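All remarks here apply to the structure that follows.
The values are calculated or read from the model by the stated rules, or taken from the named source; none is laboratory data. Bear in mind that the values here come from a model prediction, so they are computed numbers and not experimental data. Methodologically, a virtual Cβ is constructed for each residue, glycine included, from the backbone with ideal geometry; neighbour enumeration extends over all protein chains shown. Surface areas here come from the heavy atoms of the whole protein model, side chains and all, with no ligands, DNA or RNA. Shrake-Rupley method; radii C 1.70, N 1.55, O 1.52, S 1.80 Å.
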Amino acid sequence: AMAGVHFGGVDFGQEGAWLIFFGVSGGLVVGKPVGVLVFCWLGAKLKLLEIPRDIGYRGLLVVGTVAGIGFTMAIFIAELAFSTAGHLAIAKTAVLGASVMAAVGGIVLSRVFYSGGKAVRR
């Protein structure tokens, strides 16, 4: 409600609605983890940073997944990107859905990778 997401104005029948929905949600759910992993890997290869052994790439994947919750900035960018109310409503719905998926994904990954606070080595 505070973000101004009104489900009454969401019409997936309009042109480009599904492209907007999957583009926005895909950017948050897939793009954030990929971006975190790639730039951490690149930074480590260029000796700009060192990835702690206790965290590793699995921990970075969890962090990247949780970064997909980026609700406030994603809504702000959507408001700048979409000029029509219908497209903006689709984008806000995608941000809301992607934020839920990212939160659940982060919980699932942390449960899979970590058991009792200790990293699971596989």
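Worth pointing out:
- Region 98-121, residues that are at pLDDT 85 or above and touching a strand residue (DSSP E or B) at 6+ places or on another chain (Cβ under 9 Å): Phe113
- Of the helices (runs of 4 or more DSSP H) lying entirely inside region 53-122, those containing at least 1 residues that are in contact with an Asp or Glu (Cβ under 9 Å, 6 or more places away or on another chain) and in contact (Cβ under 8 Å) with a residue 12 or more places away in the chain are 85-113.
- Residues of region 12-36 that turn out to be open to solvent by 50 Å² or more (accessible area, probe 1.4 Å) and without any contact (Cβ under 8 Å) to a residue 40 or more places away in the chain, as a count: 6
- Total residues in region 61-79, condition open to solvent by less than 30 Å² (accessible area, probe 1.4 Å) and either of a type in the set (S, T, N, Q) or modelled with pLDDT of 95 or more (or both): 3
- Within region 80-92, the only residue that satisfies the criterion of being surrounded by 12 or more Cβ atoms within 10 Å (Cβ to Cβ) and more than 17 Å from Phe7 (Cβ to Cβ) is Ala81.
- Residue, surrounded by the fewest Cβ atoms within 10 Å (Cβ to Cβ), within region 42-60, restricted to residues that are more than 21 Å from Met73 (Cβ to Cβ) and within 19 Å of the chain's Cα centre (by Cα): Tyr57
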